[in-house]
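To keep things clear, I will list the structure first and then write my remarks on it.
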Amino acid sequence: ITMSEDKETDIKKKFKKLSNHPDVIKIDEKNYKINSHINLITNTIINNDESFVFEKNISISLEKNSTLVIEGNVDFINDDENLTKIFSKDGTGSIIFNKNTYDISNLIFENLSKPFLESYILYGGVNFIDSKVNLKNIYVKNSKNEDGINIINSDSEVSSIYFENIKADAFDVDFGSLIFKNINCKNIKNDCLDISGAKVNGENLLSNNTFDKGVSVGENSEVKITNLKTVNTNIGLAVKDGSNANFKNVDFDRNNLDILVFNKKQEFSKPTLIIDGLNKIDMKKILQSEGTKLVINNKDYFGKLKDEFINSKIY
């Protein structure tokens, strides 16, 4: 932990306004349009009283550790054949959507990293904070540092989102709520879907070649997911730390472990996992600690392992 010498706590005051960028077309005092590629090499902001339209076939490049903070209204003009691309050539740029309503479709986020900002602890190349979020047809590729997308304390709905080659978690949901349909993960270095303290309801999740967990549920989360498939994943499904999770139609294929039910943090109560429609049960691939509740295909299972033992195996 270090102290900043800068006495200004609102670091966004130092950000450049995107409305002053030479390639931005001013409509009036609060409305702007962009119809060509934008290259950002310094921290930049869209203020909450501004509205921007990004025309079809444009892209946004973020370089030299630059972060784009969007607090105003944004409208990306595109379709499923003409996607808007937000990327970083040098793998250092990031984007934050903060305290607004965001309805976003047909975007590619590529080669982004976490923000390097004083006063902010964020781990996503793409971050949504304290917002209402609606995402549809989103591609997240080649994350260079931490998580692909991190949604924090927000109410979100997601349809058709694809993650590939992510350095940490693909999709990290911290608090708030998530409703999803169709999450697809491929080549993920940590978790495909990481849920902490959130309420999640969804269907159709595929985790393929994930180095840690297909789905990780923790910190008193409430989760209901239908149609989960994990292939070549280290751990198919982990439920821990006071969470309650219900899964229907689960297919485990060539995982090192299929199911974990345990406590990582002892200050939480014991978790509960109920699975209806598991394709096959391999007891050698299930680790369950004492006092947890596990029901698979209407049959109760009772854990005999210590939390400390499970933690030693996976952390």
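Report every pair of residues separated by at least 6 positions or lying on different chains whose Cβ atoms are under 8 Å apart, first residue within the stretch 13-28 and in contact (Cβ under 8 Å) with a residue 24 or more places away in the chain, second of a type outside the set (A, V, I, L, M, F, W, C) and open to solvent by 100 Å² or more (accessible area, probe 1.4 Å).
Once the first residue is in contact (Cβ under 8 Å) with a residue 24 or more places away in the chain and sits in the stretch 13-28, its partners that are of a type outside the set (A, V, I, L, M, F, W, C) and open to solvent by 100 Å² or more (accessible area, probe 1.4 Å) give Ser19/Lys26.
In the stretch 221-241, which residues are open to solvent by 10 Å² or more (accessible area, probe 1.4 Å) and either in contact with a helix residue (DSSP H, G or I) (Cβ under 8 Å, 6 or more places away or on another chain) or not polar (S, T, N, Q) (or both)? Walk me through how you get there before you give the answer.
Filtering the stretch 221-241 for residues open to solvent by 10 Å² or more (accessible area, probe 1.4 Å) gives 222, 224, 226-227, 229, 231-232, 234, 240.
Answer for the stretch 221-241, where residues must be open to solvent by 10 Å² or more (accessible area, probe 1.4 Å) and either in contact with a helix residue (DSSP H, G or I) (Cβ under 8 Å, 6 or more places away or on another chain) or not polar (S, T, N, Q) (or both): Glu222, Lys224, Lys229, Val231, Lys240.
So in the stretch 258-290, with the set limited to residues that are among the charged types (D, E, K, R) and under 19 Å from Thr226 (Cβ atoms), which one is most open to solvent (accessible area, probe 1.4 Å)?
Lys280
Kindly list, by first and then second residue, each pair from a residue in the stretch 94-117 that is within 14 Å of Phe128 (Cα to Cα) to a residue that is of a type in the set (Val, Ile, Thr) and open to solvent by 30 Å² or more (accessible area, probe 1.4 Å), limited to pairs with Cβ atoms under 6 Å and residues at least 6 apart or on different chains.
Note: no pairs meet the criteria.
If Lys293 passes every condition in (1) open to solvent by less than 60 Å² (accessible area, probe 1.4 Å); (2) closer than 17 Å to Val217 by Cα but one, which one does it miss?
With (1) open to solvent by less than 60 Å² (accessible area, probe 1.4 Å); (2) closer than 17 Å to Val217 by Cα applied to Lys293, the lone miss is (1).
Residues of the stretch 64-91 being open to solvent by 30 Å² or more (accessible area, probe 1.4 Å) and farther than 19 Å from Ile138 by Cβ, which ones?
Within the stretch 64-91, Lys64, Asn65, Lys89, Asp90 meet the criteria.
Could you list all residues from the stretch 181-204 that are of a type in the set (A, V, I, L, M, F, W, C) and crowded, with 24+ Cβ neighbours inside 10 Å?
First, the residues of the stretch 181-204 that are of a type in the set (A, V, I, L, M, F, W, C): 183, 185, 188, 192-193, 195, 198, 200.
Matches in the stretch 181-204: Ile183, Cys185, Ile188, Cys192, Leu193, Ile195, Ala198.
I'd like the full set of residues that are more than 13 Å from the chain's Cα centre (by Cα) and either closer than 16 Å to Phe247 by Cβ or at pLDDT below 95 (or both), limited to the stretch 183-205.
Lys199, Asn201, Gly202, Glu203, Asn204, Leu205
Please tell me if Asp169 is modelled with pLDDT of 95 or more, touching a Ser or Thr at 6+ places or on another chain (Cβ under 9 Å) and part of a loop (DSSP other than H, G, I, E, B). It would help to see each step written out before you state the result.
Working: modelled with pLDDT of 95 or more: yes; touching a Ser or Thr at 6+ places or on another chain (Cβ under 9 Å): yes; part of a loop (DSSP other than H, G, I, E, B): yes.
Here the answer is yes, as Asp169 does meet what is asked.
Could you count how many residues in the stretch 296-315 are modelled with pLDDT under 95 and open to solvent by less than 100 Å² (accessible area, probe 1.4 Å)?
1
For the stretch 135-162, enumerate the residues that are in contact with a strand residue (DSSP E or B) (Cβ under 7 Å, 6 or more places away or on another chain), buried (at least 19 other Cβ atoms within 10 Å of the Cβ) and part of a loop (DSSP other than H, G, I, E, B).
Scanning the stretch 135-162 gives Ser143, Glu146.
Sort through Asn227, Asn208 and tell me the only one that's of a type outside the set (Ser, Thr, Tyr) and at positive phi.
Residue meeting the stated conditions: Asn227.
Is it the case that some residue within the stretch 47-56 is farther than 18 Å from Ser105 by Cα and touching a residue at least 60 places away in the same chain (Cβ under 8 Å)?
Looking through the stretch 47-56, none of the residues is farther than 18 Å from Ser105 by Cα and touching a residue at least 60 places away in the same chain (Cβ under 8 Å).
Among the numbered criteria (1) within 19 Å of Leu112 (Cβ to Cβ); (2) crowded, with 19+ Cβ neighbours inside 10 Å, which one does Asn165 miss?
(2)
The values are calculated or read from the model by the stated rules, or taken from the named source; none is laboratory data. This structure is a prediction, so every number in the text was calculated from the model and none was measured. With ideal geometry, Cβ positions are generated from the backbone for all residues, glycine too; neighbour counts draw on all protein chains shown. Ligands, DNA and RNA are excluded from the accessible area calculation, which covers all protein heavy atoms including side chains. Shrake-Rupley method; radii C 1.70, N 1.55, O 1.52, S 1.80 Å.
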